[in-house]
Amino acid sequence: MVMDAMRELLTVFTVLFAGLAAGGGFVVLEGFFRDKLQDLFDDVNYFIFFFLVSGYFLYALGEVSFYLMKVIAGDESVIGIADVYWFAGAILIVVSFLALLITSWKDERSSSRLFGTLGVIFLALAVVTYVLFGFIPESDSLSFFNYFYPLMSALIVAISFSVLFFFEQHEHFSMPLFMFFLASVGILLGDVLFAISSAQGIYLTGGLGSVTDIFYTLGYGLSLLAFVMFRFRMHQAAEL
């Protein structure tokens, strides 16, 4: 009973922070449409940051949708509206961080930083692939998304790691970007553990499911912090 109550509490915390993160993302997106805000960025960076924020907003929205559909409504379908949000969010985040990496590299032409990022990408994908295929049992009931989300999260973490290589170039937005990187690490760990525990049928009953929710809560909590910092930096830059 105690474990069940704790598990339910962790789930509520995960959804709560995801909801707050979605609200924070909405506030930041609204700020992008304000008059003269585009003057803060050149055309390329404006779209990069807009799509990056949109991606993390969709991630948080997907978590809330997953809870409403699976837990509240009792939907047992394999693919739901949450997958649409998560899929679109993952694509936007990957494209945004990749574009940010390319523009940052063009400014410095640092081969060591570029190859360092490529090495991190290869290592992250290799490790996550090994873990997934090593711990997830073969089953016809597994969907494409059981592998897609952890691998995409690994790719996001690896590419966003480049923020550390080009930290000084991002000026006002270095710390918010770093927070997004840390948030992605939390979500990656949650995705890997969710894929393993759900495939083994222990997500709802085992302790591994609770650890999964802790990492998701951490990821969405850091996303919320990143949104708050991003909005604050936007406000500061607008006053300069």
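The values are calculated or read from the model by the stated rules, or taken from the named source; none is laboratory data. Owing to the predicted nature of the structure, the values given are computational and were not obtained by experimental measurement. Every residue, glycine as well, gets a Cβ built from its backbone with ideal geometry; the counts of neighbours run over all protein chains shown.
To keep it simple, each residue is scored yes or no on (1) out of contact with any Ser or Thr (no Cβ under 6 Å at 6 or more places or on another chain); (2) at pLDDT 85 or above; (3) of a type in the set (A, V, I, L, M); (4) in a helix (DSSP H, G or I).
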| position | (1), (2), (3), (4) |
| --- | --- |
| ARG34 | yes, no, no, no |
| ASP39 | yes, no, no, yes |
| PHE47 | yes, yes, no, yes |
| TYR59 | yes, yes, no, yes |
| SER65 | yes, yes, no, yes |
| ILE93 | yes, yes, yes, yes |
| ALA99 | yes, yes, yes, yes |
| GLY116 | yes, no, no, yes |
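Within the stretch 171-185, residues that are farther than 17 Å from PHE51 by Cβ have Cβ atoms under 6 Å from residues that are buried (at least 24 other Cβ atoms within 10 Å of the Cβ) and at pLDDT below 90 in these pairs: PHE178/VAL163, counting only partners at least 6 apart in sequence or on another chain. Within the stretch 174-184, none of the residues are surrounded by fewer than 24 Cβ atoms within 10 Å (Cβ to Cβ), in a loop (DSSP other than H, G, I, E, B) and of a type outside the set (S, T, N, Q). Is it the case that GLY221 is touching a Lys or Arg at 6+ places or on another chain (Cβ under 8 Å), part of a helix (DSSP H, G or I) and either modelled with pLDDT under 95 or over 23 Å from GLY134 (Cβ atoms) (or both)? Against the criterion (touching a Lys or Arg at 6+ places or on another chain (Cβ under 8 Å), part of a helix (DSSP H, G or I) and either modelled with pLDDT under 95 or over 23 Å from GLY134 (Cβ atoms) (or both)), GLY221 does not qualify. Taken over the stretch 60-102, the residue count meeting the criterion of being acidic (Asp, Glu) and exposed (fewer than 15 other Cβ atoms within 10 Å of the Cβ) is 2. For LEU151, state whether it is in a helix (DSSP H, G or I), within 24 Å of PHE87 (Cβ to Cβ), out of contact with any Phe, Trp or Tyr (no Cβ under 9 Å at 6 or more places or on another chain) and not small (Gly, Ala, Ser). So LEU151 passes the test.
Just wondering, is there one or more residues in the stretch 194-206 that are under 20 Å from LEU9 (Cβ atoms), buried (at least 21 other Cβ atoms within 10 Å of the Cβ) and β-branched (Val, Ile, Thr)? Scanning the stretch 194-206, I find no residue that is under 20 Å from LEU9 (Cβ atoms), buried (at least 21 other Cβ atoms within 10 Å of the Cβ) and β-branched (Val, Ile, Thr), so the answer is no. In the stretch 157-173, what residues are part of a helix (DSSP H, G or I) and in contact with a Leu (Cβ under 9 Å, 6 or more places away or on another chain)? Within the stretch 157-173, VAL157, ALA158, ILE159, SER160, SER162, VAL163, PHE165, PHE167, HIS170, HIS172 qualify.
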